[in-house]
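Some notes on the structure that comes next.
The values are calculated or read from the model by the stated rules, or taken from the named source; none is laboratory data. As the structure is a prediction and not an experimental result, all values here were calculated from the model. Glycine gets a Cβ as well: all are built from the backbone with ideal geometry, and neighbour counts include every protein chain shown. Ligands, DNA and RNA are excluded from the accessible area calculation, which covers all protein heavy atoms including side chains. Shrake-Rupley method; radii C 1.70, N 1.55, O 1.52, S 1.80 Å.
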Amino acid sequence: MMEKFTHTDYFLASISRQKDLKHLLKNNDSIIFATYCAGVSIECMFRAYIAKYTNEFDSKHNLERLYHKSLIGQQLNVSEKQKMTILVKQANKIWNNNLRYTSEKRMKRIIAHENVKKKITDVNKYISNYQSEIFKSTDKIIKTGILKWT
């Protein structure tokens, strides 16, 4: 039987997944896995705080729910909390745990279907711009998590 993960395990995994993300972003063919990795990095950071403060494990992968359970917001001032809420919502709208099963073809179909009314002409460019939101959010969320870690 595997030992239970500690808050330190999750914290270090978050930082490791962020490093993996930076490596994956060097190759456009890895955009979907990079997106998955970004979400896992955020999820690990929130799980680190949850394990540290509440020791309650939630098997769900909803980043907004994990953010609230993490209690990291209690360490943020009003402005930081507002920014963090926006970042988490941006990341959560793009990331889900099922990305690990998603092919590039399926991702394009999902994005194109969701945005057919926007008259997208270059799906690849849109995917790149769409995914960049989660990458920016990931950097800021992980940076905040590291700064507030004591």
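If you go through region 4-18 and keep only what is over 20 Å from residue 59 (Cβ atoms) and open to solvent by 60 Å² or more (accessible area, probe 1.4 Å), you end up with 8, 12.
Per this entry, residue 42 is not counted among residues that are of a type in the set (Val, Ile, Thr) and at pLDDT below 90.
Filter region 45-69 down to the residues that are surrounded by fewer than 22 Cβ atoms within 10 Å (Cβ to Cβ) and of a type in the set (Gly, Ala, Ser), then identify the one that is modelled with the lowest pLDDT. Out of the qualifying residues, it is 59. For residue 95, the conditions (1) surrounded by fewer than 18 Cβ atoms within 10 Å (Cβ to Cβ); (2) modelled with pLDDT under 80 all hold with the exception of (1). Scanning region 50-96 for residues that are over 12 Å from the mean Cα position of the chain (by Cα), outside any helix (DSSP H, G or I) and aromatic (Phe, Trp, Tyr) turns up just one, 57.
For region 137-150, a residue qualifies if it is part of a helix (DSSP H, G or I) and without any contact (Cβ under 8 Å) to a residue 12 or more places away in the chain, and the qualifying residues are 143, 147.
Annotation note: Cβ proximity below 7 Å between a residue of region 12-24 that is farther than 15 Å from residue 49 by Cβ and at pLDDT below 95 and a residue that is of a type in the set (Asp, Glu) and open to solvent by less than 100 Å² (accessible area, probe 1.4 Å) (sequence gap 6+ or interchain) occurs for no pair.
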